Amino acid sequence: MEPVIRGLSRSPYAPCPPELFAGREPERVRIMETLSLAREAGQVAMISGKAGSGKSSLLNWATGAALPGGEEHLSVHREFYETTDMVFSVYRDILTAIRQSGPAAAGSDPAIRQASDIVDRYVARIDPVGLLARVGEEIIGVFADVGDVPADRVLSTYPAAIKAFGETMSRNGGVFVLLLDNLEWAPEPDLLLTLELIRQRPPGIALVLACDSGDRLRYPQVLEALRGVRGTEIRLGGLEAPGVGDLARRRFDRAVPDEVSELLAHTIADPLGLMVFFALAGWRGLTLDEKAVRVLLPELRNPAASIYAEAEPLQQGRAKTLAVLNPPFHPAVAACMLTEERMSLSEVETSLPESTLFRSVGRHGYDFAHPLIREYCTSLVPEAERLLLHGRAACCTERFLERLPGRQHALVSLVRHLFSAGEYARALALSHELGRRYYEVGAYDTARILARQAVVSAEKTESSDARAAAEELLHLILRATEGRADGA
Ligand SMILES: Nc1ncnc2c1ncn2[C@@H]1O[C@H](COP(=O)(O)OP(=O)(O)OP(=O)(O)O)[C@@H](O)[C@H]1O
Ligand SMILES: [Mg+2]
């Protein structure tokens, strides 16, 4: 069976495709070991490291290259995005991938179907159905009433389904490899489910996770669960000199003298920095020697700024406009945002991933090639202009609302744009309503943002009753997250 590979793109600053992956021999061996042991007993490994250390790239490699051939395997690779409003979207998608995986899924089908049903009903509170009704100027979500599904039901039903699937796989001599990237951005319910899966370590399953070690909230929790089951942490530091040479050869087709590789391993070492170094050296026609390292080193303090500076002006303009959108963004919304260019949907779909600044993700989504690039582009847009862009983003999101695949995400994005555009009267009711719903499903990060928006919107519109209600909601949310390690 062919493994499912997702999330690859052509941008050099996006995670590296498996066939171009360089160095990291000991880490690759540890991943191979994890996969081969999973046939006997469930395995958990976590790739950790700071931003740009190559976690997503190693995960790509693990998806595409590490499965032993000739047997029934399935690997599913998904990532969490910077926005925490897509509750269980990754986990619903995993069930779909399992169901589509063919005969191997058949033995566990009832369990998988039951898990899908429970998760669908759990997220119904935040997942609007059908159209959005309009009452005067206000937009309200239409939600189905499917009764109360407690979080515990999800935490028991989902792992049971995965376990049933793992057992079917291992009976056929195969392994189910589940690779999850960017755990630091998992919505809270998704994090709890991940922790549960780690604790249960279902047989026949290799769970390979990636998490930013700088994250103060989710990383320590995952690490603790991992230690509880004697899982493996694969901590990524900088590349060693041979890895540096390998990266230059594979990704830039350039040979680096050994002493320069040594120097780079001591001065830059982190893969994102190295990528920018070799790209800059190439653009400027520099010989790869000590002088080039000295000249370029100051520019590598802010790799995103260097990447931006080398992009074409047209792409720079697009990046500044699209930086207000919540990732992943839909091409229809992007085309609408870039209104002056009058781009068609297919033009957006071909031109964005060709730029060094963007990458395509999933089936119909785009994101910045690296979050640091979005952050940098956002910083370049003056406050007043950003306000106008949010206004445009609100119009564009609203126009395509019914066509956007992730309705939770679309609605939260819409209300965020309305709020950031200063359209407080329109943002008020929806912020409160969604805030309450996200609170009820335990997605506190999103709930908190929405409740704060509701408080400010009520202040700005001088609605004292609405303000009291929003403050009460915010208080509940803060109480639920009291004592959290990130102090949020
Ligand atoms: N071993 C490698 N071989 C070749 N290129 C690599 C390797 N590791 C990382 N890269 C490149 O380095 C950059 C950063 O890598 P990646 O996105 O995987 O890091 P990350 O740790 O996932 O970052 P973040 O924490 O921001 O998600 C990308 O341009 C990627 O293509
Ligand atoms: Mg990453």
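The values are calculated or read from the model by the stated rules, or taken from the named source; none is laboratory data. A quick note: this is a predicted structure, and the numbers were derived from the prediction, not measured. Using ideal geometry, Cβ is built from the backbone for each residue, glycine included, and neighbour counts are taken over all protein chains shown. The accessibility values were calculated without ligands, DNA or RNA, using every heavy atom of the protein model including side chains. Shrake-Rupley method; radii C 1.70, N 1.55, O 1.52, S 1.80 Å.
Okay, helix-only estimate at 222 nm for the chain: each DSSP H run of n ≥ 4 adds -39500 (n - 2.57), divide by all residues, round to 500 deg cm²/dmol; what do you get?
-17000 deg cm²/dmol
Is there a quick way to get the dipole size of the stretch 175-236? I mean about its Cα centre, with the Cβ of Lys and Arg at +1 and of Asp and Glu at -1; what is the value in debye to the nearest 20?
320
Cα to Cα, under 19 Å, and not fewer than 8 places away if on the same chain: which lysines meet these conditions relative to Lys460?
none
Roughly speaking, what is the centre-to-centre gap between the stretch 258-290 and the stretch 299-332 when only Cα atoms are used, to the nearest Å?
23
When a/c reaches 1.5 or more, the comparison of a/b and b/c decides; with that in mind, is the chain rounded, prolate or oblate per its Cα gyration tensor?
Oblate.
Using 0.36 nm times the number of residues separating Ala480 and Asp145, minus their current alpha carbon distance, what extension gain do you get?
118.1 nm
Take the alpha carbon gyration tensor of the stretch 328-448, find the square roots of its eigenvalues, order them as a ≥ b ≥ c, and report rounded if a/c is under 1.5; if not, report prolate when a/b exceeds b/c, else oblate.
Prolate is the answer for the stretch 328-448, as a/c is 1.5 or above and a/b outweighs b/c.
Which lysines have a Cα less than 20 Å from the Cα of Lys55, not counting those fewer than 8 places away in the same chain?
The reachable lysines, counting only those whose Cα sits under 20 Å from Lys55, number zero.
Would you kindly enumerate the cysteines in the chain that have no other Cys beta-carbon under 4.7 Å from their beta-carbon?
Singleton cysteines: Cys16, Cys211, Cys377, Cys395.
Determine which residues of the stretch 223-241 fall in the zone a paramagnetic label at Glu25 would reach in this model, i.e. backbone nitrogen under 14 Å from the point 7 Å along Cα→Cβ.
Within reach of a label on Glu25, which here means backbone N under 14 Å from a point 7 Å along Cα→Cβ, the stretch 223-241 contributes 240-241.
Straight-line reach from Lys50: which aspartates and glutamates have Cα under 12 Å away, leaving out those fewer than 8 places along the same chain?
Candidates past the 8-residue exclusion: Glu184, Asp212, Asp215, Asp270.
Trypsin sites (Lys or Arg not before Pro), restricted to the stretch 273-381: which are DSSP loop and have at most 15 other Cβ atoms within 10 Å?
Counting only loop positions with at most 15 other Cβ atoms within 10 Å, the trypsin sites (Lys or Arg not before Pro) in the stretch 273-381 are Arg284, Arg342, Arg363.
When the accessible area of the stretch 18-235 is computed with all protein chains present and a 1.4 Å probe, what percentage of it is carbon and sulfur?
Answer for the stretch 18-235 is 50 percent, counting heavy atoms of protein chains only.
By its C-alpha gyration tensor, with a ≥ b ≥ c as the square roots of the eigenvalues, how is the stretch 241-301 shaped: rounded for a/c under 1.5, else prolate for a/b larger than b/c, else oblate?
In terms of gyration-tensor shape, rounded.
Suppose each label sits 7 Å from its Cα in the direction of the beta carbon; what would the Glu440-Leu388 distance come out to in nanometres?
Placing both labels 7 Å beyond Cα along the Cβ direction yields 4.0 nm.
Can you tell me the accessible area per residue over the chain, all protein chains present, probe 1.4 angstrom, in square angstrom?
With the other protein chains kept in place, the chain gives 42 Å² per residue.
Can you tell me what share of the DSSP beta bridges in the chain is antiparallel? A percent to the nearest 5 is fine.
25
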